[in-house]
1. Answer yes or no: is there a residue in segment 389-400 that is of a type in the set (D, E, K, R) and within 24 Å of R486 (Cβ to Cβ).
2. Suppose we keep only residues that are more than 29 Å from the chain's Cα centre (by Cα) and outside any loop (DSSP other than H, G, I, E, B) within segment 215-245. Which one would you say is surrounded by the fewest Cβ atoms within 10 Å (Cβ to Cβ)?
3. Does any residue in segment 1-24 that is farther than 20 Å from L55 by Cα come within less than 7 Å, Cβ to Cβ, of a residue that is open to solvent by less than 30 Å² (accessible area, probe 1.4 Å) and assigned to a strand (DSSP E or B) six or more places away or on a different chain, and which pairs are these?
4. Please work out which residue is nearest to the chain's Cα centre (by Cα), limiting yourself to segment 540-552 and to residues that are modelled with pLDDT of 95 or more and open to solvent by 10 Å² or more (accessible area, probe 1.4 Å).
5. Can you name the residue in segment 7-36 that is at pLDDT 95 or above and among the charged types (D, E, K, R) and, of all such residues, is farthest from F405 (Cα to Cα)?
6. Within segment 144-175, can you find the residues that are surrounded by fewer than 23 Cβ atoms within 10 Å (Cβ to Cβ), more than 22 Å from S341 (Cα to Cα) and among the charged types (D, E, K, R)?
7. For T170, state whether it is out of contact with any helix residue (DSSP H, G or I) (no Cβ under 9 Å at 6 or more places or on another chain), outside any loop (DSSP other than H, G, I, E, B) and within 29 Å of D122 (Cβ to Cβ).
8. Please determine whether any residue of segment 502-509 is open to solvent by 10 Å² or more (accessible area, probe 1.4 Å), touching a Pro at 6+ places or on another chain (Cβ under 8 Å) and not acidic (D, E).
Amino acid sequence: MIQLGISAFYHDSAACIVKDGKVLAAIEEERFTGIKHDFSFPKKSIAWLFDYLKLSIEDIDEVCWYENPDLKKQRVLAIFDRHPIKSFFNRLKFLKRHKIEGDVNALLKSYLNYEGKVTLVDHHISHVMFAYKTSPFNECAIVSIDGVGEWDTMTISQVKDDKLTKISETVFPHSLGMFYSTFTSFLGFKPNEGEYKVMGLAPYGNPEIYYPELFALFTLLPEGRFKISQDLFTWEYSDKIMFKDALCEYLNMAPRTKDAPMEQCHKDLAASVQMVYERIFMHILEFAKEASGSNNLCLSGGCAYNGVANNKAYRLFEHIWVPFAPSDSGSAIGACLASYSGKAEDNTSPYLGSEFELGAIDRAFTYFKFEIDVKELTEKELIEKTANAINENKVIGWCQGRMEFGARALGNRSILASPLDPEMKSKLNRVIKKREGFRPFAPSCTEEDAKTFFDIIDNVPYMNQVMQVNKAWNLPSITHADGSARVQTVNKNQNDKYYKLLKKLGDVSGFPISLNTSFNFKDQTITATPHDAIERFLDCEMDVLVINNYYITKL
């Protein structure tokens, strides 16, 4: 049974191949186009999957689509009917797009010449099943929160005896994801992309400043549901501007433009938005706990990238699982796992993408031969040399094996640095990542040592929870303004080479920890080819580039 899973046309388009319940490969379209959060049909991703796995369209038994376009059309038109004048042009635009994008069978015929079995999986079911079927749980509560699926913006489900039951939902336009995205836009960041910047900015502000006004927009309902007053927002009928001028009057604040200075009022607003999000999140979880009676929680949907809120779920649940790609890209996998009825497989590895081919590495070395010095080392030599370089406060580009699937670099396409250098955070933001100075960096730590350095409960292999750094340790480059860190725990089975590097760092420095951030600059997609890796290495103040067992420095 070979399934092709696809997500497309909203954000984070992706495709995957699943064989007999095992994910063989998965990749986002942005990795090939260089367009962050590319939403186009993932034709380049599918072409790579077929080439990498030596498949053709004739080998595909089923295509699983991550949502139901017909139900989505019902919702969009019903909402437009409430605002016929304001939505007139958007209605015409939507109907034109839906005529093409909504006919999945015709799309697959056009792009892939496929006319076989097609399964449409409801949007939140794709989220939910990706979380549950990659989790270690036999029974659990599952909460999925995002902008909007077909109608639902939040669902609460439970699994018992391998049976999934939805027990509550909130429907559009009442959306916690849209609320957070609106203030992402208000603060001058790009919605569906910059939400993590709001989360990173929040610790610099006072949440009490705007919390009363923002929380007053919500009405909490039974069964974890909620409503949001739509008086200040336009996301019901507009896909361009998410708020009205009345929001500015309500907050007595003008929206921040993209390049404007970051003032204290912006930090206070970010802090207040995060606090409101957490308050509604806990309202949802309280009912999920009560209704399911479970000590286990799975989180999914795009909002599951809010690692600060995720960690606070331990107030109610003993164990928490967040998959490696909880937003729409992961739903390509979730749709396949939802449709597949056979035995569950271990699908916990996020290393599902492309790897650097030897021919491409050789061509890149030749192209840049007058600018780089390349040494091929044994693995032992490479790990020792790299660990010593990190301990000497050098910045390392680290490219190994298959690329990660999802938004996090987890040790295969990473920039690594010492957690001990108090100047490293500023240096990385200023001259290497070339991004906003307020943004924090995350640490990777060996799994068995994580509880020594961090206030951690479960292992977090995908860097999707934020917890406190234990106060006994001074780790300035990976500790945020509020004393927190978004930790990745690493074990030998998960990523052997990266684990060995962290262990060697422990031998060299006493700390089996590395600062770990994605190998890209601001507004770029993650590094996908050896040529890109070397070009970016030369374009910043990075000290060393490691590709497989090649140790590369600048001439």
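The values are calculated or read from the model by the stated rules, or taken from the named source; none is laboratory data. In this text the structure is predicted, and so the values were computed from the model without any measurement. Here the Cβ is made from the backbone with ideal geometry for all residues, glycine too, and neighbour counts use every protein chain on show. Quick note on the areas: whole protein, heavy atoms, side chains included, nothing else; ligands and nucleic acids left out. Shrake-Rupley method; radii C 1.70, N 1.55, O 1.52, S 1.80 Å.
1. Yes, the conditions are met somewhere in segment 389-400.
2. Top of the filtered list is P222.
3. Partner pairs satisfying both residue conditions: D12/E28; S13/S7; S13/E28.
4. First, the residues of segment 540-552 that are modelled with pLDDT of 95 or more: 542-552.
Right, trim to open to solvent by 10 Å² or more (accessible area, probe 1.4 Å) and you get 543, 548-551.
Working: D543: 28, N548: 25, N549: 28, Y550: 29, Y551: 30 Å.
Filtering first and then ranking leaves N548.
5. D20
6. E150, E169
7. Numbers: out of contact with any helix residue (DSSP H, G or I) (no Cβ under 9 Å at 6 or more places or on another chain): no; outside any loop (DSSP other than H, G, I, E, B): yes; within 29 Å of D122 (Cβ to Cβ): yes.
It is false that T170 is out of contact with any helix residue (DSSP H, G or I) (no Cβ under 9 Å at 6 or more places or on another chain), outside any loop (DSSP other than H, G, I, E, B) and within 29 Å of D122 (Cβ to Cβ).
8. So in segment 502-509, the residues open to solvent by 10 Å² or more (accessible area, probe 1.4 Å) come out as 503-504, 506-509.
Next cut, touching a Pro at 6+ places or on another chain (Cβ under 8 Å) only: 503, 506.
If we keep only those that are not acidic (D, E) as well, we get 503, 506.
Within segment 502-509, one or more residues are open to solvent by 10 Å² or more (accessible area, probe 1.4 Å), touching a Pro at 6+ places or on another chain (Cβ under 8 Å) and not acidic (D, E).
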